[in-house]
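A short worksheet on the structure shown next.
Just so it is clear, none of the values below were taken in a lab; they were calculated from the coordinates. Treat the numbers as computed from the prediction; the structure is a model and nothing was measured. Heads up, the Cβs are rebuilt from the backbone with ideal geometry, glycines too, and the neighbour counts pull from every protein chain shown.
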Amino acid sequence: MSWTTHQLATSDDTNGSDFHAVIDTDVFTCLSCRPHDFPRVPSRSDTVNPSPNAATLPNFYTPRWVTSSLPFLGFAPSSNPFKFYFLKCLDYDFHTLPIEQISENRYALKQSLQTDWDSLERNMRAFLRGCMKVNRLNIPEDFWLWPYPNFYMYHAVWRTEVDARRAAMRSRQAFIPLIACISFYLRLLYHLESKWVDIVAASSCYDHARVVGDKLDRGL
């Protein structure tokens, strides 16, 4: 058997219904047909454990392990999720964010966009609370939620345009862990089948949670 780290392990016993993979010093039996292009499996020391205080989020496109405290990061979108109309108000990059000068040395994100972000965040947080409330499956003891977008003060007034732009961008990026966390809890609720929308909406303090649930259920 080949023991090269991160590579597909092969042996004479491997058959068409399963195969073996080596990760560090551990051997895993994969109960499926052996793929033609087995992906690179990272070392267990290569984890996604970002800091909420970091200026940017880590690269989610390269496979890495997630920590037990942030298991939902494994559900982070693999492509830009802001192209859907439900999240279209977030479809900006650092340079296109509409920052307005209110007066001398006073800059802020465009007021109408602040309102859109605030409404979206409130509804998504209400929906997430509903999902967490009805969940009956175990989650890790060290589980913690990523700071919500308003933690990064997209609604504040800043002395420079750059400061306002940085705050808005970090707030916009914080919607990604929120999306991932909702996706994580939706996965835990799959056993409820089509009933989960009504159950989550009934447990939420916002009527709009049903709208969010319906949109997510349709993949929007």
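Once both labels are modelled 7 Å past Cα along the beta-carbon direction, what's the residue 166-residue 143 spacing in nm?
Going by the 7 Å Cα→Cβ label model, 3.4 nm.
For the ranges 118-130, 172-184, 150-162, what's the packing order if you count other beta-carbon atoms within 10 Å of each residue, average per peptide, and put the highest first?
172-184, 118-130, 150-162
Using the basic label-point model (7 angstrom from Cα toward the beta carbon), what is the residue 135 to residue 65 distance in nanometres?
In this crude spin-label approximation the distance works out to 2.1 nm.
Just want to confirm a number: the relative contact order over segment 106-186, from Cα pairs under 8 angstrom separated by 6+ residues, in percent.
Computed value for segment 106-186: 46 percent relative contact order.
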